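Participant: Provided herewith is a single structure, encoded as structure tokens, for subsequent inquiry.
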Amino acid sequence: MLRRVALLALLGACGGSYGGGPHEPAHATKAPAAGIEGAALPYDIVDARTGRQVDPAAFWTKVESSRAVCIGEDHTNPHHHWVQLEVMRRIAHDAPAGTKLALGMEMVQRPFQGVLDDYAAKRIDAAALRSRTGWEDRWGYDFGFYGPTIDTAVAAGAQLLALNAAKELTKKVVHHGIEGLTPDERAQLPELELTNATHRAWFDAMMESMGGAEAHSAPASSQPGDEGTESAPPMPVEHEMPSADRIYTVQVIWDESMADGTARWLAATPNGHAVILAGNGHCHDSAIVGRIKRRGIPEVISLRPVLDTEGQVAEALVKPVNDYLIVLRLPPGTKAEEQSH
């Protein structure tokens, strides 16, 4: 039964909080009333491979010299979104003359690239962007977490990239497998590497950690394969439960879609620099980062924001899967849970 619960929880999750604490329904948390700027905290930069603190100047040089930087998030953590804004702002300000920028987003699915193009060209406003991309239904997390970073990118002349796979595609894979797709649907899939042992081990460990997640629940409208909610409802019939292999295939489709969209833009833009916003479960070595590198672009790094509370940094350093940790320092006497929501 616990494995069934874990499978269902993962179906609705999109990689934001794996191993990062309790999940919340997508609509439960709003951006701070004062905006993401109100979630700013002092921070240190730590090399995730060695645990050593990194000189900020050397870190920013590395970020700016990479071709792509993937910035992870727990979707409901405003401090993580502030880090994303801070990095986008620094890159936009310090990029060498002639650099073309892109902001790629897990939050928007591939069929809606034209909507992002319209927003970047200022032909539509944020309300139209949310409506035309189905933001509330397909993603579900407060647009206020992302709007400032998107607008910073647009002000810098960056292209906005819709990176995620359409939920209609992943939902069909959940229920029928890749073999159940039509030729047209198969043509929508990027190249998939389903035999990466490191990534499968990460997935299996994450599944095991979610095995006791009885607290996972979701509105009745949520459906398996939807990326916009943190969990999915119980399946009514035993035989409808998808296999772990199909769930893993969807996880890979998400990662490969985001890697493919980013790599294609970079290949077409020799002087391009891409910033990717994605959940921590996607923004690591064997997920988006390694899959971009497999496509011939080696200069890719990942950043993971982490609150400097007992255990969190240590956990990230024991089994490093990122290049750098952005260690956010809480004010003395502040409880982490008060700062995270």
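Participant: Quick one: how many Å² of H176 are accessible to a 1.4 Å probe, rounded to 10?
Facilitator: 100 Å²
Participant: Report E136's accessible area, 1.4 Å probe, all protein chains in place, as a number in Å² to the nearest 10.
Facilitator: 80 Å²
Participant: Another question, then. Using a 1.4 angstrom probe, figure out how much accessible area segment 66-180 has per residue, in square angstrom, rounded to the nearest whole.
Facilitator: Working: 3970 Å² over 115 residues.
I get 35 Å² per residue for this part.
Participant: Greater than 24 Å separation of Cα atoms is the criterion. Which listed pairs, K62/K100; K100/K122; K100/K293; K293/K319; K100/K167, meet it? Walk me through the intermediate numbers first.
Facilitator: On the way: K62/K100 17 Å; K100/K122 18 Å; K100/K293 20 Å; K293/K319 21 Å; K100/K167 30 Å.
Pairs exceeding the cut-off: K100/K167.
Participant: If you don't mind, another one. With every protein chain present, what accessible area does K62 have (1.4 Å probe, heavy atoms only), rounded to the nearest 10 Å²?
Facilitator: The accessible area comes out at roughly 90 Å².
Participant: At a 1.4 Å probe radius, which order do T29, T99 fall into by accessible area, largest first?
Facilitator: Final ranking, largest accessible area leading: T99, T29.
The values are calculated or read from the model by the stated rules, or taken from the named source; none is laboratory data. The shown structure was predicted, so the numbers you read here are calculated from the model rather than taken from an experiment. Keep in mind that these areas ignore ligands, DNA and RNA; they rest on the heavy atoms of the full protein, side chains included. Shrake-Rupley method; radii C 1.70, N 1.55, O 1.52, S 1.80 Å.
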